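S.K.: Below you'll find the structure I mean.
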């Protein structure tokens, strides 16, 4: 298992890089709902349809003033080892002893005041909005081991009449450990609700990204008016 490595100067550089990548790649990151406030630890589980998912959850943790950590497959974390400095730690799939080590490590993280551990329990990228979700049991096991509340978060990348996509995050209600099918039901509920969104009313902006051509042109026209 590869542990996270936060708290050094290099972490500040990587944190700035992640924020820059999100701002430069999207029109904005928008949030509906909110994570419960610290100090309790929090287990956050989300759908996984895009390479960007871990990056766009980073501003969610920052907005909630949470010490965020995200579980990654070990092969991918070896490839992008710099992500350790913003809280990534690994799971070696198919290795029972490594999986147990990862669960114990995540449980220890969740005992820290203000910590949030983010999981993608589908275990792989799935087509956005595809149902039913197929969640692995690790999220339920970790919830019971750590005895913390869990929160479902749906992620969607959407185009709303602009050339750059917006990132939408929908946070569900926190809940105690439940059966695996209940984890699935709660996350599917958020995914379905987010797929129905056609405008950004009811969302708050977490990250202001790059405006599109139409928005730049409207700004120029407004300045040129007498």
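The values are calculated or read from the model by the stated rules, or taken from the named source; none is laboratory data. What you see is a predicted model, and the numbers here were worked out from it, not measured in a lab. Glycine also receives a Cβ, built like all others from the backbone with ideal geometry; neighbour counts cover every protein chain displayed.
S.K.: Scan the stretch 14-26 for residues that are surrounded by 12 or more Cβ atoms within 10 Å (Cβ to Cβ) and assigned to a helix (DSSP H, G or I) and jot them down.
M.R.: 14, 15, 17, 18, 19, 21, 22, 23, 25
S.K.: Is there a residue being modelled with pLDDT of 95 or more, within 17 Å of residue 15 (Cα to Cα), touching a strand residue (DSSP E or B) at 6+ places or on another chain (Cβ under 6 Å) and surrounded by 15 or more Cβ atoms within 10 Å (Cβ to Cβ) anywhere in the stretch 118-125?
M.R.: yes
S.K.: Same structure, new question: Restricting attention to the stretch 91-108, which residues are surrounded by 21 or more Cβ atoms within 10 Å (Cβ to Cβ) and at pLDDT 95 or above?
M.R.: Of everything in the stretch 91-108, those that are surrounded by 21 or more Cβ atoms within 10 Å (Cβ to Cβ) and at pLDDT 95 or above turn out to be 102, 106.
S.K.: Of the residues that sit in the stretch 136-167 and are farther than 15 Å from residue 43 by Cα and in contact with a helix residue (DSSP H, G or I) (Cβ under 6 Å, 6 or more places away or on another chain), which one is surrounded by the fewest Cβ atoms within 10 Å (Cβ to Cβ)?
M.R.: Looking at residues that are farther than 15 Å from residue 43 by Cα and in contact with a helix residue (DSSP H, G or I) (Cβ under 6 Å, 6 or more places away or on another chain), I get 156.
S.K.: Let me ask you something else. What number of residues in the stretch 145-158 are without any contact (Cβ under 8 Å) to a residue 40 or more places away in the chain and either within 13 Å of residue 194 (Cα to Cα) or not in a loop (DSSP other than H, G, I, E, B) (or both)?
M.R.: 1
S.K.: Failed condition for residue 48, given (1) closer than 15 Å to residue 209 by Cβ; (2) within 11 Å of the chain's Cα centre (by Cα), with all others met?
M.R.: Condition (1) is where residue 48 drops out.
S.K.: What is the one condition in (1) out of contact with any strand residue (DSSP E or B) (no Cβ under 8 Å at 6 or more places or on another chain); (2) over 28 Å from residue 21 (Cα atoms) that residue 163 does not satisfy?
M.R.: Result: residue 163 fails condition (2) only.
S.K.: Go through the stretch 159-201 and count every residue that is assigned to a strand (DSSP E or B), more than 14 Å from the chain's Cα centre (by Cα) and under 20 Å from residue 68 (Cβ atoms).
M.R.: Of the residues in the stretch 159-201, 1 are assigned to a strand (DSSP E or B), more than 14 Å from the chain's Cα centre (by Cα) and under 20 Å from residue 68 (Cβ atoms).
S.K.: Here is a list: 94, 138, 172, 129. Which entry is touching a strand residue (DSSP E or B) at 6+ places or on another chain (Cβ under 9 Å) and over 25 Å from residue 31 (Cβ atoms)?
M.R.: The unique qualifying residue is 138.
S.K.: Is there any pair linking a residue in the stretch 85-97 that is at negative phi and assigned to a loop (DSSP other than H, G, I, E, B) to one that is exposed (fewer than 13 other Cβ atoms within 10 Å of the Cβ) and at pLDDT 90 or above, with Cβ under 9 Å and at least six apart or on different chains, and which?
M.R.: 92/75; 93/75
S.K.: Mind listing just one residue for me: the one in the stretch 75-86 that is in contact with a helix residue (DSSP H, G or I) (Cβ under 8 Å, 6 or more places away or on another chain) and more than 16 Å from residue 48 (Cβ to Cβ) and, of those, surrounded by the most Cβ atoms within 10 Å (Cβ to Cβ)?
M.R.: 86
S.K.: I've got another one for you. Taking the stretch 57-74 as the region of interest, how many residues are buried (at least 16 other Cβ atoms within 10 Å of the Cβ) and not in a helix (DSSP H, G or I)?
M.R.: 8
S.K.: Can you pull out the residues in the stretch 116-144 that are assigned to a strand (DSSP E or B) and over 15 Å from residue 177 (Cβ atoms)?
M.R.: Scanning the stretch 116-144 gives 116, 118.
Yes/no matrix, rows are residues, columns are (1) over 23 Å from residue 198 (Cβ atoms); (2) touching a strand residue (DSSP E or B) at 6+ places or on another chain (Cβ under 6 Å):
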site	(1), (2)
30	no, yes
33	no, yes
49	no, no
71	yes, yes
77	yes, yes
86	yes, no
